[in-house]
């Protein structure tokens, strides 16, 4: 993702680091044979946090990569960026 603002990346990195900690916490919970519903609640929280991180990365892509293709006026670059998004969304439906 070239052209991103440093602050955009640092916020996403912080978010992903928190998610990483949550995943380690779930592994510990499993090792400690904690109550399954408590573990599942944490897994749901991780999924939600990943979804928010994904949304931020997608926004960055739109604000930087897609916008750059549009302002450059290159129809080829615009089609490529659009195709990337379509491919991504098609994969999520599988």
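The values are calculated or read from the model by the stated rules, or taken from the named source; none is laboratory data. Note that the coordinates shown come from a computational prediction; the quantities given were computed from them, not determined experimentally. Neighbour counts run over all protein chains shown; Cβ positions are idealised from the backbone, glycine included.
List pairs: first in the stretch 49-70 and over 12 Å from residue 81 (Cβ atoms), second at pLDDT below 85 and surrounded by 14 or more Cβ atoms within 10 Å (Cβ to Cβ), Cβ under 8 Å, 6+ apart or cross-chain?
56/8; 60/4; 60/8
Any residue that is touching a helix residue (DSSP H, G or I) at 6+ places or on another chain (Cβ under 6 Å), within 30 Å of residue 78 (Cα to Cα) and at pLDDT below 90 - is there at least one of those in the stretch 8-18?
yes
Would you point out which residue out of 88, 40, 50 is at negative phi and surrounded by 14 or more Cβ atoms within 10 Å (Cβ to Cβ)? Outline the logic, then answer.
Values: 88 fails: surrounded by 14 or more Cβ atoms within 10 Å (Cβ to Cβ); 40 fails: surrounded by 14 or more Cβ atoms within 10 Å (Cβ to Cβ).
Of 88, 40, 50, the one residue that is at negative phi and surrounded by 14 or more Cβ atoms within 10 Å (Cβ to Cβ) is 50.
Determine if the stretch 71-78 includes at least one residue that is in contact with a helix residue (DSSP H, G or I) (Cβ under 7 Å, 6 or more places away or on another chain) and surrounded by 10 or more Cβ atoms within 10 Å (Cβ to Cβ).
As a first pass, look at the stretch 71-78 and keep what is in contact with a helix residue (DSSP H, G or I) (Cβ under 7 Å, 6 or more places away or on another chain): 77-78.
So of that shortlist, the ones also surrounded by 10 or more Cβ atoms within 10 Å (Cβ to Cβ) come out as 77-78.
Yes: the stretch 71-78 contains one or more residues that are in contact with a helix residue (DSSP H, G or I) (Cβ under 7 Å, 6 or more places away or on another chain) and surrounded by 10 or more Cβ atoms within 10 Å (Cβ to Cβ).
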